[in-house]
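Input: a single structure, listed below in structure tokens.
The values are calculated or read from the model by the stated rules, or taken from the named source; none is laboratory data. From a predicted model like this one, the values you see are computed outputs, not experimental measurements. Only protein heavy atoms, including side chains, enter the accessible area calculation; ligands, DNA and RNA are left aside. Shrake-Rupley method; radii C 1.70, N 1.55, O 1.52, S 1.80 Å.
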Amino acid sequence: MNNIIKSLKKNKIGIILILISALFTTSGQYFWKISYMHNMIFILMGFIFYGIGAVGMIVAFKYGSFSVIHPMMSMSYIFIVVLGYYFLNEVVNIEKIIGLMLIMLGVVLVGVGDE
């Protein structure tokens, strides 16, 4: 348990930044998805959000171990499913829920394995 706390303390800023980056890249992808329903401004917004996420990812790598920080980007899969469910009326079935739980478990196991 002590190793988990050490790893989280060591990588805290990087983890926070990478999760924010994942939210931005997810938002960018969402804008690209809905751009077909609206106008070209959403494509531009998608590039802006995705670009902010990419820059945030680069900054996040400065504040933690690469092997801990980068796998946290897979949280974007969870963000995408939530966006799809709430804004695009996509179905979230038991298989997706199990898959998301496995992703979260993997992120936790990798994220605390630094020490």
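Per DSSP helix of 4 or more residues, -39500 (n - 2.57); summed, then divided by the residues of the chain. What does that give at 222 nm, rounded to the nearest 500?
Values: 5 runs with 89 residues, N = 115.
That comes out to -26000 deg cm²/dmol.
Taking the Kirkwood radius as Rh and the Cα radius of gyration as Rg, the chain has a ratio of Rg/Rh equal to 1.04. Any chance you could give the angle, 0 to 90 degrees and rounded to 10, that helix 94-111 forms with the longest Cα principal axis of the chain? Once rounded, the angle reads 40 degrees. Counting every pair of alpha carbons in the stretch 1-62, the share spaced more than 13 Å apart comes to 63 percent.
Listed values for the stretch 42-59 are Karplus-derived 3J(HN,Hα) couplings in whole Hz (6.51 cos²θ - 1.76 cosθ + 1.60, θ = phi - 60°), namely 6, 5, 4, 4, x, 5, 5, 5, 5, x, 4, x, 5, 5, x, 5, 4, 5, and x replaces Gly and Pro.
Any idea what angle helix 2-34 forms with the longest principal axis of the chain, computed on alpha-carbon atoms, 0 to 90 degrees, nearest 10? Around 10 degrees separate the two axes. Residues whose amide H lies under 5 Å from that of residue 90, counting only those 5 or more places away or on a different chain, are 85; hydrogens are built 1.01 Å from N in the peptide plane.
Taking only protein heavy atoms and a 1.4 Å probe, the accessible area of the stretch 3-115 is 74% carbon and sulfur.
Note: relative contact order over the chain, using C-alpha pairs below 8 Å and six or more positions apart, is 39 percent.
Rolling a 1.4 angstrom probe over the protein heavy atoms with all chains in place gives the stretch 70-110 an accessible area of 69 Å² per residue. Compared with the dominant Cα axis of the chain, that is its longest principal axis, helix 75-88 is turned about 30°.
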